[in-house]
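The values are calculated or read from the model by the stated rules, or taken from the named source; none is laboratory data. Please read these numbers as outputs of a predicted model, since none were measured by experiment. Ideal geometry is used to build each Cβ from the backbone, glycine not excepted, and the neighbour counts take in all protein chains shown.
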């Protein structure tokens with residue numbers, strides 16, 4: 001006796017570039033297929049029983065048809081809960097200092113910057129004890145720890161960076177996990193020792209004219225030539241130590257046309273392992289207003305960058321894969337330690353609370369200290385629970401509720417889904433090796 005089937009609640013239908021063809025994408029399982037329009041229409045209307053048996057079996061195998069008695073929303077909820085608790089990655093951020101040698105007008109720290117605060121040796125040892133306890137006591141099945149350094153400019157405290165890598169690296173190894181290191185730096189103080197110790201270095205660069213206005217030195221001089229010069233000078237060190245250079249381009253309405261040339265400049269630095277990402281500039285209450293791109297214009301630009309990467313043989317990792325994973329702040333035991341020793345969960349929490357000493361006295365206080373965030377469940381949050389995109393976005397982003405309340409919390413993709421699916425269907429057929437469908441950002 002065959003099992004009664006129904007169309008999946010998470011099916012998404014998109015027009016194909018090929019006449020008479022449609023794209024089926026399941027936002028619960030990430031399966032994607034092309035079918036004749038008649039097949040897609042039959043699935044959408046619930047008339048799949050009119051299709052050949054082999055086609056029905058194929059659709060069921062891809063999750064486009066599911067058992068008629070399956071509560072898909074409840075199943076999705078259980079997947080989200082499991083992904084949250086079973087996450088094997090612990091993310092710990094250390095803000096080394098709020099001091100900086102640049103004077104960027106848009107920096108979120110400008111409204112509360114305290115240049116006197118520097119992470120202490122005691123705080124570094126406290127972070128190491130925290131990591132060892134969380135990983136060693138199996139509070140989650142953690143196999144990997146990402147230690148991220150931010151500032152201000154973290155390399156103003158290079159010595160503390162090295163102490164933290166040694167201390168947290170030892171604690172991570174003692175607990176049986178692997179350490180991965182990443183730093184957000186303006187790039188002006190890079191040297192071989194730093195590159196050797198870091199797995200990933202993230203630097204913000206735009207075109208020279210925009211960069212020197214938006215990211216000047218404290219004396220007002222531009223910083224573009226110094227930063228790019230350092231990257232070129234140390235390209236051999238990046239390659240020798242297999243360190244990834246991650247470049248962020250903050251896009252506004254006046255610099256958007258320079259994105260392709262900046263991408264090519266980064267690819268021409270001589271560094272073998274690079275990534276290039278574009279982010280939309282958002283006007284917050286603390287920065288001087290900048291002429292921004294419309295959401296639609298940014299999405300078009302983002303797709304243009306994806307196509308540019310594909311043309312250059314770069315692996316594409318932007319597939320809208322449903323991981324049902326919450327953002328870092330919602331994942332238990334992830335932590336940010338501010339330069340003054342107080343605690344947060346991510347950079348959106350610009351008013352740190354409690355203290356590392358208090359947390360170490362009773363690590364279970366973590367859930368009390370961050371009760372509002374750690375108790376978040378998108379399936380108890382209307383309309384997230386019934387949204388078909390919940391597995392891809394993981395629920396509302398804390399930062400969009402707090403730091404950018406005028407932003408749409410459901411604006412979770414940087415591109416139009418249908419446009420990406422049409423690109424993917426064609427490009428994947430040409431070069432499947434250029435798509436990493438299993439990729440999930442570490443932090």
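Condition check for residue 111 on (1) over 30 Å from residue 131 (Cα atoms); (2) surrounded by 14 or more Cβ atoms within 10 Å (Cβ to Cβ); (3) modelled with pLDDT under 95: one failure, at (2). One residue stands out in the stretch 236-261 among those that are out of contact with any strand residue (DSSP E or B) (no Cβ under 9 Å at 6 or more places or on another chain) and farther than 21 Å from residue 299 by Cβ: the one that is surrounded by the most Cβ atoms within 10 Å (Cβ to Cβ), namely 237.
Can you say whether residue 91 is surrounded by fewer than 19 Cβ atoms within 10 Å (Cβ to Cβ) and touching a residue at least 40 places away in the same chain (Cβ under 8 Å), as far as the supplied structure shows? No.
Total residues in the stretch 135-155 satisfying the condition of being surrounded by 21 or more Cβ atoms within 10 Å (Cβ to Cβ) and closer than 15 Å to residue 167 by Cα: the figure is 5. Filter the stretch 262-283 for residues that are within 20 Å of residue 408 (Cβ to Cβ) and either surrounded by 15 or more Cβ atoms within 10 Å (Cβ to Cβ) or in contact with a helix residue (DSSP H, G or I) (Cβ under 8 Å, 6 or more places away or on another chain) (or both); which is modelled with the lowest pLDDT? Ranking the qualifying residues of the stretch 262-283, first place goes to 283. Among the residues of the stretch 123-154, those identified as touching a strand residue (DSSP E or B) at 6+ places or on another chain (Cβ under 6 Å) and at pLDDT below 95 are 151, 152. In the stretch 156-166, of all residues being in contact with a helix residue (DSSP H, G or I) (Cβ under 9 Å, 6 or more places away or on another chain) and buried (at least 20 other Cβ atoms within 10 Å of the Cβ), the one that is nearest to residue 239 (Cα to Cα) corresponds to 161.
Residue 242 meets the conditions (1) under 22 Å from residue 413 (Cβ atoms); (2) part of a loop (DSSP other than H, G, I, E, B); (3) within 22 Å of the chain's Cα centre (by Cα) in every case but one. The failed one is (1). Residues in the stretch 167-179 that are surrounded by 16 or more Cβ atoms within 10 Å (Cβ to Cβ) and either over 16 Å from residue 333 (Cβ atoms) or over 25 Å from the mean Cα position of the chain (by Cα) (or both): 167, 169, 171, 175. Entry remark, the stretch 293-310: residues being surrounded by fewer than 17 Cβ atoms within 10 Å (Cβ to Cβ) and not in a helix (DSSP H, G or I) number 1 in total.
Checked against (1) on the phi < 0 side of the Ramachandran plot; (2) out of contact with any helix residue (DSSP H, G or I) (no Cβ under 9 Å at 6 or more places or on another chain); (3) surrounded by fewer than 16 Cβ atoms within 10 Å (Cβ to Cβ), residue 214 passes all but a single condition, namely (3). The set of residues in the stretch 311-340 being farther than 18 Å from residue 393 by Cα and surrounded by fewer than 19 Cβ atoms within 10 Å (Cβ to Cβ) consists of 311, 312, 313, 314, 315, 340. Where helices (runs of 4 or more DSSP H) fall wholly inside the stretch 351-402, the ranges with 1 or more residues that are within 21 Å of the chain's Cα centre (by Cα) and at pLDDT 90 or above are 390-393.
Beta carbons closer than 7 Å, at least 6 apart along the sequence or on distinct chains, pair a first residue in the stretch 414-432 that is farther than 23 Å from residue 389 by Cβ with a second that is in a loop (DSSP other than H, G, I, E, B) for 426/17. Of 53, 46, 62, all but one fail to be without any contact (Cβ under 8 Å) to a residue 40 or more places away in the chain and exposed (fewer than 13 other Cβ atoms within 10 Å of the Cβ); the exception is 53. Taking (1) touching a helix residue (DSSP H, G or I) at 6+ places or on another chain (Cβ under 9 Å); (2) without any contact (Cβ under 8 Å) to a residue 60 or more places away in the chain; (3) under 28 Å from residue 180 (Cβ atoms) in turn, residue 242 satisfies each apart from (1). Go through the stretch 187-214 residue by residue and tally those that are touching a residue at least 60 places away in the same chain (Cβ under 8 Å) and either over 23 Å from the mean Cα position of the chain (by Cα) or more than 17 Å from residue 281 (Cβ to Cβ) (or both). The qualifying residues number 3.
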